[in-house]
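Since the structure comes first, as structure tokens, the remarks are kept for the end.
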Amino acid sequence: MKHTLRQVFHSSKFLVGFIIFLLILLTIWIYPFFNPGNPLEMIGVGTFARPGSYVSLYDALNTSTETLRLADADDKRLDKLLSDTDRISMLDWFDSAGVDVGDLDIEDTDTLLDLWFANYSSDLKPAGMTNAKRNYYKRLNNSLMQVRAADTLTITDVDEATGDPVTKGTVTKTDYVNIGQVANVKRLPLGTDNFGRDVLKELVSATGTSIIIGLIAGVVATLIGLTLGLLAGYVGGLADDIIMFITNIFTVIPSFVLLILISYSIGQEQRGASVVAIVIGFTSWTWTARSVRSQVISLRNRDHVNLSKLSGHSLVRIIATDILPYIASYVVMAFILQVSSGILSEAQLSLLGLGPKTTVTPTLGLMMNWAMLYSAHTNGSWWAYFPVILTITLISFSLNLMNTGLDQVFNPTLRD
């Protein structure tokens, strides 16, 4: 056993796959200690908040400030205010108003603004420009004027007795707060999803659930396939014919179609993660059974098996002691592939809306389904789906790499 394990961990492919998978498991285990709570908690009002750190404006205003005079502060404010769409719209206004901009670079903020302030007037009404578009240019101009001109913002409140505005304080351009002193700061490395939920927390929880689904599906499929394959291969005769007849029926019917039909018939409320995993396992055992059967047929007439028969050993003992140890490595490899297949099957089912019920626990497939339903792929919210795709890819890659490494260790024809 020690020699076998030493060989396995000397395989570079198995080792790399094992390390990747182990890191994923450690992340699933450790991260909840740093960010506890319900992964489906809706912390955002609105959808698809971008990745970053969010500071409570209320608490920031009530935090002691320091004065910092940064030479490029105004330039950064203007650059941030002017999106690419705004810059192109400004060029459209110049063109409509007959202003010659020549080879103006829209990324040159200073030149663009100088030209804008020198020529823009809300009184101008270029031909063909709608009122909505003119109002857009007015709002843009007001925003630019405020950022460029105002050095101080005044905070006001309403006096409850008189109803008159009362100055509560002022904020200048040079006021800065230390983010470590603000009472409420929320870091969202992957932003929020369409429901306003922390995508990273959701992703970690979903990864754990999907791996559990894959493990359950892998155990169920491997046990069914191993049991039927051992019986068909060793007993032979009528038992082999019946088992292979059933196996061929399941082989002819595409397993994913069968999986869809069974999942649909169960109903949304009854489809928990474990139920989906068992269904996946019951529909993906056929190739394991056929492969185990072929392995057992090549072993059942070996000398050590015939000796056990002559010794009067029982069927169970012969299979357990004289056949199973010789195909154990193959069974382990089949199990690894079944786990990977189970995770991918859950993702496919959930994309079709036939995965586990959505109100209990997230899975990688459900996260993809939510992102697709709310058009994350068309509105540029990549953080809602790309990390999920990357996680599924890493899990499948690591498991298949482990399987390839084991195959090289136990299959003499593949050894270097």
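List of remarks:
- Some residue of the stretch 269-290 being in contact (Cβ under 8 Å) with a residue 12 or more places away in the chain, over 33 Å from the mean Cα position of the chain (by Cα) and farther than 18 Å from GLY365 by Cβ: yes
- The listed residues are GLY169, GLY196, GLY128, GLY163, and the only one of them that is at pLDDT below 85 and in contact with a strand residue (DSSP E or B) (Cβ under 6 Å, 6 or more places away or on another chain) turns out to be GLY169.
- Residues within the stretch 294-327 that are touching a His at 6+ places or on another chain (Cβ under 8 Å) and either of a type in the set (A, V, I, L, M) or in contact (Cβ under 8 Å) with a residue 24 or more places away in the chain (or both), tallied: 0
- Subset of the stretch 324-352 [among the β-branched types (Val, Ile, Thr) and within 22 Å of THR209 (Cα to Cα)]: VAL332, ILE336, VAL339, ILE343
- You will find that of LYS186, LYS201, the residue that is of a type in the set (Lys, Arg) and surrounded by 20 or more Cβ atoms within 10 Å (Cβ to Cβ) is LYS201 and no other.
- The one condition in (1) crowded, with 17+ Cβ neighbours inside 10 Å; (2) under 22 Å from the mean Cα position of the chain (by Cα); (3) free of Cβ contacts under 8 Å to residues at least 40 places away in the same chain that GLU346 fails to fulfil: (3)
- Only one of the listed residues (THR227, THR321, THR247) is among the β-branched types (Val, Ile, Thr), assigned by TED's automatic domain parsing to the domain that holds LYS357 and under 30 Å from GLY208 (Cα atoms). That residue is THR227.
- When the criteria are applied in full, ASN141 fails the requirement of being loosely packed, with under 11 Cβ neighbours inside 10 Å, out of contact with any Ser or Thr (no Cβ under 6 Å at 6 or more places or on another chain) and either at pLDDT 80 or above or not assigned by TED's automatic domain parsing to the domain that holds LEU61 (or both).
- Of the residues in the stretch 388-410, at least one is over 15 Å from the mean Cα position of the chain (by Cα), of a type in the set (Gly, Ala, Ser) and farther than 20 Å from ILE28 by Cβ.
- Lone qualifier among ASP86, ASP100, ASP95 - being of a type in the set (D, E, K, R), surrounded by 13 or more Cβ atoms within 10 Å (Cβ to Cβ) and either closer than 27 Å to ARG139 by Cβ or not assigned by TED's automatic domain parsing to the domain that holds LEU200 (or both): ASP86
- Subset tally (residues that are touching a residue at least 60 places away in the same chain (Cβ under 8 Å) and either closer than 23 Å to ASP322 by Cα or small (Gly, Ala, Ser) (or both)) for the stretch 237-268: 1
- Count of the stretch 51-78 residues which are closer than 19 Å to ASP110 by Cβ, in contact (Cβ under 8 Å) with a residue 60 or more places away in the chain and of a type in the set (Lys, Arg): 1
- Residue in the stretch 369-382 that is of a type in the set (Phe, Trp, Tyr) and not in a helix (DSSP H, G or I) present: yes
- The stretch 261-297 - residue that is modelled with pLDDT under 85 and of a type in the set (Ser, Thr, Tyr) and, of those, farthest from GLN338 (Cα to Cα): TYR264
- Flag if VAL219 is among the β-branched types (Val, Ile, Thr), at pLDDT 85 or above and not assigned by TED's automatic domain parsing to the domain that holds ASN403: no
- Of the residues THR251, THR247, the single one that is buried (at least 17 other Cβ atoms within 10 Å of the Cβ), of a type in the set (S, T, N, Q) and in a helix (DSSP H, G or I) is THR247.
- Residue in the stretch 42-73 that is nearest to TYR385 (Cα to Cα), counting only those that are of a type outside the set (Lys, Arg) and within 17 Å of the chain's Cα centre (by Cα): PHE48
- Residue in the stretch 159-171 that is outside the structural domain of GLY380 (by TED's automatic domain parsing) and under 30 Å from PHE386 (Cβ atoms) present: no
The values are calculated or read from the model by the stated rules, or taken from the named source; none is laboratory data. Fair warning: this is a prediction, and the values are worked out from it, not measured in the lab. Positions of Cβ are backbone-derived with ideal geometry, glycine not excepted, and every protein chain shown enters the neighbour counts.
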